[in-house]
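Peer 1: Below are the structure tokens for one structure; questions will follow.
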Amino acid sequence: KKNLELKSELCIAAEKLEDEEDIVSAFYQLQNLHQEWRDIGPVSRRDREAIWERFKTASTLINKKYQAHFESLKGKEEENLEAKTALCEKLEAIDYSKLNTIRDWNRKVKEVLDIQKQWRGIGYVPKKWNTKIYERYRAACDFFFRNKNEFYNSLHGEMDENLKKRMALIERAEELKDSTDWRRTTQEMI
């Protein structure tokens, strides 16, 4: 009789779990209730089937909710994979031949940083794709920033070259400043 009372309390607790907001927590609480059920001794034969059915019905509801929860997570992970794949495709589709000025590169950098922000905002993908999609994304970002650095380094090379040419012109102009051959000096300055 005492066991029947204890098991009835477990049934009530299991039935209350249906109202639990956090289904994962409810599932784990149910597992604890099952352990307590096993720890409580037997009940009379006439009550055994009815009390078990009541507990099993409450358990089935929680288990179905738990399973549905993870099925919806899997669906969401598939959507996330599609979104992350689309971002990778955007990164891979960048036409570097059209990026010829600092302004072009600055616009494209803003776009890439926006894509990176979007990437961080997207949730998890299925585990089997997690590493692959991240490596694809990382490779596309690395390729972009490597090209950007090469562009800016080439600009610095051009700037250094221009500076050398200007310095040579300044030296030549300084050599000519004291010249009295006005015609030749004028032509050379021009």
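Peer 1: Specify which of the listed residues (Arg48, Arg107, Arg54) is at pLDDT below 90 and charged (D, E, K, R).
Peer 2: The conditions single out Arg48.
Peer 1: Identify, please: which residue in region 179-190 is outside any helix (DSSP H, G or I) and more than 60 Å from the chain's Cα centre (by Cα) and is, among those, surrounded by the fewest Cβ atoms within 10 Å (Cβ to Cβ)?
Peer 2: In this case the residue turns out to be Thr180.
Peer 1: Can you find a residue that is at pLDDT below 90, assigned to a loop (DSSP other than H, G, I, E, B) and open to solvent by 50 Å² or more (accessible area, probe 1.4 Å) anywhere in region 161-178?
Peer 2: Yes, the conditions are met somewhere in region 161-178.
Peer 1: So, of the residues in region 77-111 that are over 19 Å from Ser154 (Cβ atoms) and among the hydrophobic types (A, V, I, L, M, F, W, C), which turns out to be most open to solvent (accessible area, probe 1.4 Å)?
Peer 2: Among those that are over 19 Å from Ser154 (Cβ atoms) and among the hydrophobic types (A, V, I, L, M, F, W, C), it is Ala93.
Peer 1: May I ask you to list pairs of residues, at least six apart or on different chains, whose Cβ atoms are under 7 Å apart, with the first in region 139-160 being closer than 15 Å to Ile102 by Cα and the second being β-branched (Val, Ile, Thr) and in a helix (DSSP H, G or I)?
Peer 2: Cβ pairs passing all conditions: Phe144/Val112; Lys148/Val109.
Peer 1: Can you say whether Val112 is hydrophobic (A, V, I, L, M, F, W, C) and either under 30 Å from Ser72 (Cα atoms) or touching a Lys or Arg at 6+ places or on another chain (Cβ under 6 Å) (or both), as far as the supplied structure shows?
Peer 2: In short, no.
Peer 1: Could you say whether any residue in region 18-27 is more than 30 Å from Lys128 (Cβ to Cβ) and part of a helix (DSSP H, G or I)?
Peer 2: yes
Peer 1: What do you reckon, is Arg138 modelled with pLDDT of 90 or more and surrounded by 11 or more Cβ atoms within 10 Å (Cβ to Cβ)?
Peer 2: Considered against the rule, which asks whether it is modelled with pLDDT of 90 or more and surrounded by 11 or more Cβ atoms within 10 Å (Cβ to Cβ), Arg138 comes out as yes.
Peer 1: One residue is enough: does region 52-69 have a residue meeting the conditions without any contact (Cβ under 8 Å) to a residue 40 or more places away in the chain, open to solvent by less than 70 Å² (accessible area, probe 1.4 Å) and either on the phi > 0 side of the Ramachandran plot or aromatic (Phe, Trp, Tyr) (or both)?
Peer 2: So far as region 52-69 goes, no, none of its residues is without any contact (Cβ under 8 Å) to a residue 40 or more places away in the chain, open to solvent by less than 70 Å² (accessible area, probe 1.4 Å) and either on the phi > 0 side of the Ramachandran plot or aromatic (Phe, Trp, Tyr) (or both).
Peer 1: Looking at Asn147, is it on the phi < 0 side of the Ramachandran plot and touching a helix residue (DSSP H, G or I) at 6+ places or on another chain (Cβ under 6 Å)?
Peer 2: yes
Peer 1: Okay, moving on. Based on this model, can you work out whether Leu73 counts as at pLDDT below 90 and assigned to a helix (DSSP H, G or I)?
Peer 2: Here the answer is yes, as Leu73 does meet what is asked.
Peer 1: Under 6 Å by Cβ, and 6 or more places apart or on different chains, what pairs join a residue from region 114-130 that is under 15 Å from Glu82 (Cβ atoms) with one that is among the small types (Gly, Ala, Ser) and not in a loop (DSSP other than H, G, I, E, B)?
Peer 2: So the pair list comes out as Ile122/Ala83.
Peer 1: I've got another one for you. For region 93-107, does any single residue satisfy the condition of being touching a residue at least 40 places away in the same chain (Cβ under 8 Å), over 30 Å from Lys74 (Cβ atoms) and either basic (Lys, Arg) or not in a helix (DSSP H, G or I) (or both)?
Peer 2: yes
The values are calculated or read from the model by the stated rules, or taken from the named source; none is laboratory data. All values derive from a computational prediction rather than experimental measurement. In this analysis, Cβ positions are derived from the backbone assuming ideal geometry, glycine residues included, and neighbour counts consider all displayed protein chains. Note: accessible area is taken over every heavy atom of the protein model, side chains too, but ligands, DNA and RNA are not part of it. Shrake-Rupley method; radii C 1.70, N 1.55, O 1.52, S 1.80 Å.
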